[in-house]
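The values are calculated or read from the model by the stated rules, or taken from the named source; none is laboratory data. All figures in this text were calculated on a predicted structure; none of them were measured in a lab. FYI the Cβ positions are ideal-geometry reconstructions off the backbone, even for glycines, and counts take in every protein chain you see. For the accessible areas, the whole protein counts, side chains as well, though only heavy atoms, and no ligand, DNA or RNA atoms are used. Shrake-Rupley method; radii C 1.70, N 1.55, O 1.52, S 1.80 Å.
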Amino acid sequence: MSIERVREYMAERGRDSEIREFSVSSATVELAAKAVGVEGARIAKTLSFYDRDREHSILVVAAGDCKVDNSKFKHFFGMKAKMLSGPDVEAFTGHAPGGVCPFANPAGTEVYLDESLRRFETVFPACGSGNSAIELTCPELEELSQAKGWVDVCKEATPAPAAE
């Protein structure tokens, strides 16, 4: 199981005891926010794309309330953003949909962190299953994900309308 690989990966770094497993699904931003008890924006969703040669994946970890801006993605990566197809997700990332995370990925996977995360003190990425997460600061996420760097490839989050 993917979560077991992540647990082993985190154990090597002394962080496995911090992985949270829920009795409910956390496979979407909304479900994860509910399971963790935070606003959806603080869920660090891992978006998976094909690399230029379609041999590996590029993972972009972004705030839960953001979407990729295609022109920014193309400007940074020099190619059009093409998300992994359902059948390729697990093969390219090592994790099933709903549990894709920036940890314990196959060789050749490149992880980038989007600037949208920096507005939070801590964020919650998944840990390899559709019912797990870990709370990390941005520097911890950068280190543990072995990110290649920070990028600005998302549209600005639109604030929720004020309640009347």
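Worth a mention:
- Spatial separation of Cα centroids for region 122-147 and region 1-67, in angstrom: 6
- Its Cα centre serving as origin, the chain has a Cβ charge dipole (Lys and Arg +1, Asp and Glu -1) of approximately 400 debye.
- When the charge dipole of the chain is built from unit charges on Cβ atoms (+1 for Lys and Arg, -1 for Asp and Glu) and taken about the Cα centre, the candidate among Ala104, Leu59, Phe76 whose Cα reaches farthest toward its positive end is Phe76.
- In the context of the full set of protein chains, the chain has a per residue accessible area of 52 Å² (1.4 Å probe).
- Computed about the Cα centre, the dipole magnitude for region 85-131 is approximately 120 debye when only Lys and Arg (+1) and Asp and Glu (-1) carry charge, each at its Cβ.
- Cα gyration tensor category, rounded, prolate or oblate, for region 24-134 with a/c compared to 1.5: oblate
- Span-like helix criteria (full DSSP H runs; alpha carbon extent of at least 18 Å along the helix axis; mean Kyte-Doolittle hydropathy of at least 1.6) are satisfied in the chain by no helix.
- Accessible area, probe 1.4 Å, largest first, for residues His56, His95, His75: His75, His56, His95
- Pair Trp150, Lys82: separation of 7 Å Cα→Cβ label points (nm): 3.1
- Carbon + sulfur, % of accessible area of the chain - ligands and nucleic acids excluded, 1.4 Å: 49
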